[in-house]
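Heads up, the thing below is written out as structure tokens.
The values are calculated or read from the model by the stated rules, or taken from the named source; none is laboratory data. Quick caveat, the model's predicted, so the values are computed rather than measured. Heads up, the Cβs are rebuilt from the backbone with ideal geometry, glycines too, and the neighbour counts pull from every protein chain shown. Only protein heavy atoms, including side chains, enter the accessible area calculation; ligands, DNA and RNA are left aside. Shrake-Rupley method; radii C 1.70, N 1.55, O 1.52, S 1.80 Å.
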Amino acid sequence: LNDAGGYAVRISNAFGFENSSNALLTIGLPPAIVIQPTNLAVPVGAAATFGIVTEGTPPLSYQWSFNGTNLVDATNGVLVITNVQLTDAGDYAVEVANVFGSEDSSNAVLSVGNPPTILVQPTNQVVRLGDATAFEVGAAGTAPLSYQWSVNGTNLPDATNAVLVIPNVQWSDAGTYAVEVANAFGFENSSNALLTVGIPPTIVIQPTN
């Protein structure tokens, strides 16, 4: 860096000399991307923000591209896409440059989809002790959808399908059941469904004559 400055030369012979004009030597570091842009999964209508962290001698310039095509006016270190639509899904990258060179970032994938919406809520069940029962939820949204059932607010292990089957209902199964439906773009919780467990009447003492 200490070689930076103005350089000139004097040319001389037996009849005289002449000095050249000054030539400036500028020393610096080319851009280096320290933190690459990362993949994003964003619901339709939300905002997506890509950013990077760079090093290098300023000033640094930026040019973002979408699927290999430069984006107009996308010349900052942060790229913000407001009101994301399905057509915005794809690969985003940025070229960082200064007078000493340039560097291209890796691609960051923007996935766009619809968060889950529960169309059919689970319903209350009244079940005889020892019988089987099932809770079911109907949901829409960008696949794949994941499910997690809970009882009285506690997640049930391996209860990760749209239908929750209880094959042999016991007293301890009584309670409030709900399910969380999720995907990469969000989640939604169902309403509560009550499981009531009981036994039918049994006449222990018959009426007598």
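For the range 31-52, name all the residues that are in contact (Cβ under 8 Å) with a residue 40 or more places away in the chain and open to solvent by 70 Å² or more (accessible area, probe 1.4 Å).
Thr38, Asn39 - these are the residues of the range 31-52 that are in contact (Cβ under 8 Å) with a residue 40 or more places away in the chain and open to solvent by 70 Å² or more (accessible area, probe 1.4 Å).
Evaluate the following for Gly51: is it of a type in the set (Gly, Ala, Ser), under 30 Å from Ser111 (Cα atoms) and in contact with a Gly (Cβ under 7 Å, 6 or more places away or on another chain)?
Yes; evaluated as a whole, the condition is true for this residue.
So which pairs qualify, if the first residue must be in the range 155-182 and over 18 Å from Gly198 (Cα atoms), the second must be open to solvent by 70 Å² or more (accessible area, probe 1.4 Å) and among the polar types (S, T, N, Q), the Cβ gap must be under 9 Å, and the two must be at least 6 apart or on different chains?
Ala178/Asn189; Ala178/Asn192; Val179/Asn189; Glu180/Asn155; Glu180/Asn189; Val181/Asn189
Could you check, for the range 169-187, whether at least one of its residues is open to solvent by less than 80 Å² (accessible area, probe 1.4 Å), of a type in the set (Asp, Glu) and modelled with pLDDT of 95 or more?
Step one: list which residues in the range 169-187 are open to solvent by less than 80 Å² (accessible area, probe 1.4 Å), which gives 169-170, 173-186.
Among the residues that remain, those that are also of a type in the set (Asp, Glu) are: 173, 180.
With the extra rule that they be modelled with pLDDT of 95 or more, the set shrinks to 173, 180.
Yes, that holds for at least one residue.
Restricting the range 197-208 to residues that are open to solvent by 60 Å² or more (accessible area, probe 1.4 Å) and closer than 16 Å to Gly130 by Cα, which is farthest from the chain's Cα centre (by Cα)?
Thr202
Do we find a residue being of a type in the set (D, E, K, R) and either open to solvent by less than 50 Å² (accessible area, probe 1.4 Å) or closer than 30 Å to Leu86 by Cα (or both) anywhere in the range 157-166?
no
Residue pairs, Cβ under 7 Å, 6 or more apart or interchain, first in the range 53-75 and among the acidic types (Asp, Glu) and modelled with pLDDT of 95 or more, second surrounded by fewer than 15 Cβ atoms within 10 Å (Cβ to Cβ) and part of a strand (DSSP E or B). List them.
Going by the 7 Å Cβ cut-off, the qualifying pairs are Glu55/Ala32; Glu55/Val34.
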